[in-house]
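Since every read-out is calculated from the coordinates, none of them should be taken as a lab result. Predicted model, so just to flag it, every value in this text is computed and none were measured. Ideal geometry is used to build each Cβ from the backbone, glycine not excepted, and the neighbour counts take in all protein chains shown.
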Amino acid sequence: MVAVNTARRNRWWLIILGILLIILGIKAIVLPLVFAIALTLLLGILFLISGIVQLIHAFRFQRSRCFWLKLAVSMFYVLGGLFLLFNPTTGIVALASAVGMLFTAVGIFETWQALQTWQQEGLDWLSMAVAIIILVLGVFIWVESPLASVVMTSAVAGISLILSGVAVLASAFTTGRFRR
């Protein structure tokens, strides 16, 4: 009951969040290159901040046996962040390729899982369809031209943001209506 009361008190924040997610999703679909550059720059900033924090942490524990490992990890984050900040277009292509590889791997394993489930419980068509869609998207993103990969990745991210926004709005409007 506490969670329902908290959600009811924060309903307007949920509504604002849902609307913002939907707007971001639409922007990602309509302006895929702008969205991709913004996302790459944001990721670069986050990597840079993370690297600096890890660098400070490494030097605070200089006597640790893992000092050099912590130092190396922090430098990778700093260099990765700087790379993305100073080379956003190259970073976009690298991120799109990574998403393509991820979707391909996930699609393969999800398809395999759906086939394993089919042998035990019967075919779950929805799971199989989702697995194949993810696999096809992954292969398309991975092997297509960099521009097509960026557009496809932004479109998938946009659709995901829109669906998340709709889910948050649905939660905001239905929370507290049904009591036990």
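General remarks:
- Projected label distance in nm at L33 and F140, using a 7 Å step from Cα toward the beta-carbon: 2.1 nm
- The chymotrypsin sites (Phe, Trp or Tyr not before Pro) of the range 22-64 that DSSP puts in a loop, and whose beta carbon has at most 15 other beta carbons within 10 Å, are F61.
- ³J(HN,Hα), Karplus 6.51/-1.76/1.60, whole Hz, each residue of the range 89-96, x for Gly, Pro: 5, 5, x, 4, 5, 5, 5, 5
- Volume per residue of the C-alpha convex hull in the range 122-174, rounded to whole Å³: 70 Å³
- Across T89, T111, T153, mean-square fluctuation computed from a Gaussian network of the chain (C-alpha pairs under 10 Å connected) peaks at T111.
- The range 20-108: trypsin sites (Lys or Arg not before Pro) falling in loop per DSSP and having at most 14 other Cβ within 10 Å: R63, R65
- Ellipsoid semi-axes in whole angstrom, largest first, where each is sqrt(5λ) of the Cα gyration tensor of the chain: 33, 27, 21
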